[in-house]
Amino acid sequence: MKKAFFYLKSIQPFIFTIILILIILVVNGGCSSESEENSVDILLDRAITEPELREHIQTLASDEFEGRMPFTEGEKKTIQYLENAFNTIGLEPGNGDSYFQAVPLVEIEATPTGIMTVEGNGNSVELNYREDFVALTRRVTDRIEVGNSELVFCGFGIVAPEYDWNDYEGVDMAGKTAVVLVNDPGFGTSDSAFFKGNTMTYYGRWTYKYEEAARQGAEGVIIIHNTAPAGYAWNVVQSSWTGKALYLKSEDGNQSRCAFEGWVSQQSARQLMEMADIENYLGQARKPGFQPISMGLSVNLTMDVTYKEATSQNVIAKRTGHERPDEYIIYSAHWDHIGVGKPIEGDSIYNGALDNASGTAVMLEIADAFSQLAEAPERTVIFLAVTAEEQGLLGSAYYAENPIYPVNKTVANINMDGIHFRGPMKDLTIVGYGQSELDDYAEVVAKEQDRYVMPDPNAEKGYFFRSDHFSFAKVGIPALYASGEYEQAEQGVEWTQAKMDEWTQRDYHQPSDEYEEGEWNLAGMVQDAQLLFKIGYQISNEETFPQWKPGSEFKAAREQSLASPQSTVDSP
Ligand SMILES: [Zn+2]
């Protein structure tokens, strides 16, 4: 016993040595990734700073930049500034040896020459422009004449494979005009499993309905207005769908779009449904298995059209990956705003400081951080400042339909539009929460910042379809649109929400969206920029492709694109 004890005692130092070595090994193993993490944090603290953000925002939102409207001096100054910034940061040009991608646009003004007549079933009705209907065309032409185009009630105008839903089932729309309902069948049913209940899906957007009708080969498409599911009243339809509008210009001069895209007031729609002898049209359209109904009516409409072609620019830069340079992460932010307009309290420059000098500045700071990384990430990281977001996501739509980098090799999009200035936030609000696995990446990084992730509280308003990430989503690229905007770290939820509401009421798309020294606390912007950097950085060093979650309306497009040997998705 004693001897044995002695023996044990004598090997004790050896055991201690071995344990010590093990401890050192374990600690060291932990240390190397920790030190990498530390070095990224140190880099972020150096690369993403309040003074730099302030400088970018103050410049982009200055009166000198005239509200950054496409085709103006403001555009010239803005894209020069961005090219300069990318160059100074040390990023490569993103389009061959150029930092620019030309975006061909056309400004079209279509004016109905008078009434729209609808005839049939021994009846006829005259609808008055603006009062009862509005109509536009995207076709680059001098005149639109629609004569005796048969009206077909096509429910919600939706073809959604994931819901096994086809409102155009069995109908040939050539020469005909589709009459469709606003929003999607789920709205107002309080059944969250029917489409997405009150959360608007992509299929609820008017943009989708116009595109689908064109894919069906319809001559015209008319949306039936209804204030609750639309989210706005008829007067908004009147002002938004009359006058000049800016569109992308395809090679065929948009001839593949419907000859006319219109809306009718609910009252006029009721009149038409009565003439067509269709009862309870909303109820019928909501029923699974709905079949399109020929209304026995035809429509006549003539429009005078004037148009002007012009080119604006996306600005693009990159850091080439060292391991898989042919796989891409795209950060995006729209550089444009709405320019000079009606003076409000003597100020006619709509500076767009929050919308979207803030997002552009945050993107430049993220770009700066990627540029300063000692070693390039494994995948290539792209920074894309897009034009004409305010005119309908046109710059990003053009990029998505004419991608410089293959869509099916583009791993993710991270979009920034309106990053708030109220200091550090406790939340990270994800617009379109639940759509893709990018949420899970966001969750991890948010936790590191002691923040919680939450879904957009206004999901019924369809914000997921209202900024540039949507253009990427449409072609199947998983896209994230997230920032802190719910709970200011010290002031709490109520204060924050009151401030946000006040801003929306007073400053949204107004000349008062300006940078205010003293009022703007950029600490939260730094926080968001670091967070969005880390998400992209993580993905840029992985081999996996984040997926759309089951039930996402973009999953099918992605699967199709990944399965296709082609480098781009055919635009519809
Ligand atoms: Zn915006």
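Assorted remarks:
- Computed extension gain for residue 448 through residue 495, at 0.36 nm per residue and net of the alpha carbon distance, reaches 14.5 nm.
- Computed label-point distance, nm, for sites residue 88 and residue 64 using a 7 Å Cα→Cβ extension: 1.1 nm
- MRE, 222 nm, helices only [DSSP H, n ≥ 4, -39500 (n - 2.57), over the chain, to nearest 500]: -10500 deg cm²/dmol
- Packing here is the average count of other Cβ atoms within 10 Å per residue, and on that basis the peptides 236-248, 61-73, highest first, run 61-73, 236-248.
- Residue-level accessible surface for residue 142, protein heavy atoms, 1.4 Å, Å²: 110 Å²
- With the simple spin-label model, which puts each label point 7 Å out from Cα in the Cβ direction, the residue 302 to residue 458 separation comes to 4.3 nm.
- Segments 483-489, 93-99 sorted - mean Cβ within 10 Å per residue, highest first: 483-489, 93-99
- Extension gain for residue 282-residue 45 works out to 79.8 nm (0.36 nm per residue, less the C-alpha to C-alpha distance).
- Remark on the chain: ratio of C-alpha radius of gyration to 2.2 N^0.38 Å is 1.11.
- Most to least packed among 259-271, 462-474 [average Cβ atoms within 10 Å]: 462-474, 259-271
- Total formal charge among the other residues, if their Cβ is under 12 angstrom from that of residue 458, Lys/Arg +1 and Asp/Glu -1: -2
- Set 196/287; 176/209; 176/244; 474/549; 196/549; 447/534 screened for pairs whose C-alpha atoms are more than 19 Å apart: 176/244
- Other residues whose C-beta falls under 10 angstrom from the C-beta of residue 302 contribute a net charge of -1, scoring Lys and Arg +1 and Asp and Glu -1.
- For region 77-88, backbone phi angles converted through the Karplus equation (6.51, -1.76, 1.60; θ = phi - 60°) give residue-by-residue couplings of 5, 5, 5, 4, 4, 5, 4, 4, 5, 4, 4, 5 Hz, Gly and Pro being listed as x.
- Within the shell of other residues whose beta carbon sits under 10 angstrom from the beta carbon of residue 64, the net charge comes to -2, with Lys and Arg scored +1 and Asp and Glu -1.
- Euclidean distance between Cα centres, region 52-83 to region 205-269, Å: 32 Å
The values are calculated or read from the model by the stated rules, or taken from the named source; none is laboratory data. Predicted model only: the values in this text are computed from it and were never measured. We place every Cβ from the backbone using ideal geometry, glycine too, and count neighbours over all the protein chains shown. Areas reflect the complete protein model, heavy atoms only, side chains present, ligands, DNA and RNA absent. Shrake-Rupley method; radii C 1.70, N 1.55, O 1.52, S 1.80 Å.
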